[in-house]
Structures are given as structure tokens and as C-alpha cells.
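Shown next, in C-alpha cells, is the structure this report addresses.
The values are calculated or read from the model by the stated rules, or taken from the named source; none is laboratory data. Note that the structure is predicted; figures quoted are calculated from it, not measured. We place every Cβ from the backbone using ideal geometry, glycine too, and count neighbours over all the protein chains shown. These accessible areas exclude ligands, DNA and RNA; they are computed on the full protein's heavy atoms, side chains included. Shrake-Rupley method; radii C 1.70, N 1.55, O 1.52, S 1.80 Å.
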Amino acid sequence: MAELTLFTKYTTLENRVTNYCGLMLKLMYEERPTSFAEVMHEITGNEDLLVGPRFLQQTRQGHSVPDLTIDQNSFRIVFEVKLSDWFTSSQITAHIEGLAAQNDAEHKTLILLTNEVKPATKTNLADAYELAADRGVELQTLTFFQFLNSLKTVRSRYSDALGTTVD
């Protein structure tokens, strides 16, 4: 496990791209969690994804009704990044099975991030989409252009410094 950093030690381009995509999301979350949540909703297509705690009043829990409840639904979003749309079914299957085994995550999403998604790629991934659905994992394909557009959808909500980085 390696922390995200601006000065990455990775030598392969694919790993550096992954680092910088993750770093942008981390910076966005640290600056404004609500903007991060909006980007996650945009990327995953899941409006029910809860980022951060939920504050509830008078919510029944079994036979009691506490005055205030603060809880947080957990989620896990995993990215597989390729500089071309060359995804192997064995790698995707392993990611799906790994996510499915995570009992602590209510929402589980695998995002395949790449330069372009050709129609043939989606056809080749039909079995992976079916497996993901069977295992309770959402599978998404996303281009770098779509990823960047998701960051830009909330551009007006974060600082000039982070906005400049996105630009």
C-alpha cells in the first residue's frame, strides 16, 4: 500500500496517472467533502452514495427512539486504470470478488478508468457486468475525459488553487 503523493516514486506511466487521479480526489475531499461527494455521485451514477456522516433525529432503532443519531454508511470504490482499453477478465474478476468479500461496505463500485471505451470493450465485459451484478458490485467504465469533466462539474465550489490544478 502506498500513499498518494505529488512526487510519486512510480516509474510506469499508468501508475503515475493513477496516483494523480487519486490525488485530485483526495485534495478535493480535504478541501470540501460535499464537492467530493458530488464527483463520486457523477462518476458512479449512484445518488444514494453517502459520503460523510448522516445526522438524524428521532430515528427508531428496534424498541427505542434516540433523540439524535449520527452514522455513516461505508462504501468502497476501486479503480483499475489502463492507458488503453485493454482490461483482462481475470483481473476484473479478481477485483469484483475482492470487493464482494468486503462485508463492511454497503456500496461497492469498480471503476475501469481508461483513455477510451470502445463498443467492443463493453461487449467483452458482458460477463464481468453480470458477475458484478450477481456479487452486489457496481461496474462502471469511465474515460479520463469523463473523469475530468466530473471534477469540473463542481469547479465553482472549491478554491482557486484546486480549481487551477483541475484546469
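Have a look at the DSSP beta bridges in the chain and tell me what percent are antiparallel, nearest 5. If you can, show how the numbers build up before the last one.
Working: 5 of 18 bridges.
Given both bridge residues lie in the chain, the antiparallel proportion sits at roughly 30 percent.
Quick check: at a probe of 1.4 Å, how many percent of the accessible area of region 9-68 sits on carbon and sulfur atoms?
Values: 2090 of 3950 Å².
Here it works out to 53 percent.
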- Enter the Cα centre distance for the pair region 100-153 and region 1-64, rounded to the nearest angstrom. 16 Å
- Among 82-93, 127-138, 34-45, 52-63, what's the highest-first ranking by average C-beta atoms within 10 angstrom per residue? 34-45, 127-138, 82-93, 52-63
- Message: For the pairs Lys26/Lys122; Lys9/Lys82; Lys9/Lys118; Lys9/Lys122, flag any whose C-alpha to C-alpha distance is greater than 22 Å.
- Response: Lys26/Lys122; Lys9/Lys118; Lys9/Lys122
- Taking N as the residue count of the chain, its alpha carbon Rg divided by 2.2 N^0.38 Å gives 1.16
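How many Å² of accessible area per residue for region 53-167, probe 1.4 Å? Please list the in-between numbers first.
Values: 6860 Å² over 115 residues.
Spelled out: the 1.4 Å probe surface of region 53-167, per residue, equals 60 Å².
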